[in-house]
Amino acid sequence: MTNERLQHMLDAAQQSIGPILHGTLLYTIPISLISFAIGLVLAVLVALANLSDYSLFNKPARFFVWIIRGTPILVQMFIVFYGLPNIGVVVEPFPTAILIFSLNEAAYNSEILRAAILSIPKGQWRAGESIGMSYAQVLRRIILPQAARVSVPPLGNAFIGLFKSTSLVTLITIADLFGAAKLVAASTFEPMTVYVIAALFYLFFCSLLSLGQTQLEKKFGKHVM
């Protein structure tokens with residue numbers, strides 16, 4: 001490798017850091033956080049609806065999970081961003097990303113929460129009811145706190161997966177972490193160098209998330225009898 005070639009690679013790496021960091025802070029992190037927060041709230045509702053004995057609630061919940069889990073995120077994103085304008089409905093890129101990722105987080109995380117709730121012994125329900133608690137009180141004070149502890153590892157993994165999956169938004173014109181890397185790679189003609197830098201950014205942030213997840217698991221683990 002010549003000195004000129006090496007210098008060109010170093011220049012490309014230097015040029016990529018600023019735009020990639022900008023795309024991460026402006027799009028990748030906000031999309032991840034907002035989508036996960038909205039999706040988690042919806043996941044609780046979907047999980048409870050799925051566990052309901054009333055078909056008015058459980059059938060729509062199961063249908064929602066079936067549709068979302070059975071179709072690729074990218075296809076859903078293209079339907080909303082590129083398909084809806086054909087019938088006069090235009091959704092901007094950022095809201096499209098939030099909508100699709102939130103719905104997917106809701107569907108997948110609802111199954112995590114449903115399994116966590118089912119893992120709580122039925123005696124916990126009866127114990128709460130025996131001291132005069134309503135269904136909602138037992139759920140809020142006894143069941144959901146325990147289910148939350150059980151759900152921490154899989155939900156943490158889900159968030160890390162979401163952070164990486166946001167790279168798909170580059171296909172709907174959002175210059176996120178990966179989208180910024182694509183633009184720099186096209187202008188510097190150094191795709192290998194730039195994409196390695198992008199991979200290191202993903203690795204760095206996912207490592208931070210993994211550390212946070214580990215600490216959260218330890219915190220919840222202290223309350224295990």
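Read-outs throughout are calculated quantities, based only on the coordinates presented, and are distinct from any laboratory measurement. Computed from a predicted model, the values in this text were never measured in an experiment. So basically every Cβ, Gly included, is an ideal-geometry build from the backbone, and we count neighbours across all protein chains shown.
Of all residue pairs spaced 6 or more apart or on separate chains, none has beta-carbon atoms under 6 Å together with a first member in region 140-168 that is in contact (Cβ under 8 Å) with a residue 24 or more places away in the chain and of a type in the set (Asp, Glu) and a second member that is assigned to a helix (DSSP H, G or I) and crowded, with 18+ Cβ neighbours inside 10 Å.
Residues in region 52-63: is at least one surrounded by fewer than 18 Cβ atoms within 10 Å (Cβ to Cβ), in contact with a Ser or Thr (Cβ under 8 Å, 6 or more places away or on another chain) and over 29 Å from Ala180 (Cα atoms)? Checking region 52-63: at least one residue is surrounded by fewer than 18 Cβ atoms within 10 Å (Cβ to Cβ), in contact with a Ser or Thr (Cβ under 8 Å, 6 or more places away or on another chain) and over 29 Å from Ala180 (Cα atoms).
Output the residues belonging to region 64-83 that are of a type in the set (Gly, Ala, Ser) and exposed (fewer than 13 other Cβ atoms within 10 Å of the Cβ). Listed by number, the list holds a single entry, Gly70.
Go through region 83-173 and tell me which helices (runs of 4 or more DSSP H), entirely inside it, have 2 or more residues that are in contact with a strand residue (DSSP E or B) (Cβ under 6 Å, 6 or more places away or on another chain).
none
Here Ala106 fulfils each of the conditions (1) under 30 Å from Gly18 (Cα atoms); (2) crowded, with 17+ Cβ neighbours inside 10 Å; (3) under 14 Å from the mean Cα position of the chain (by Cα) apart from (1).
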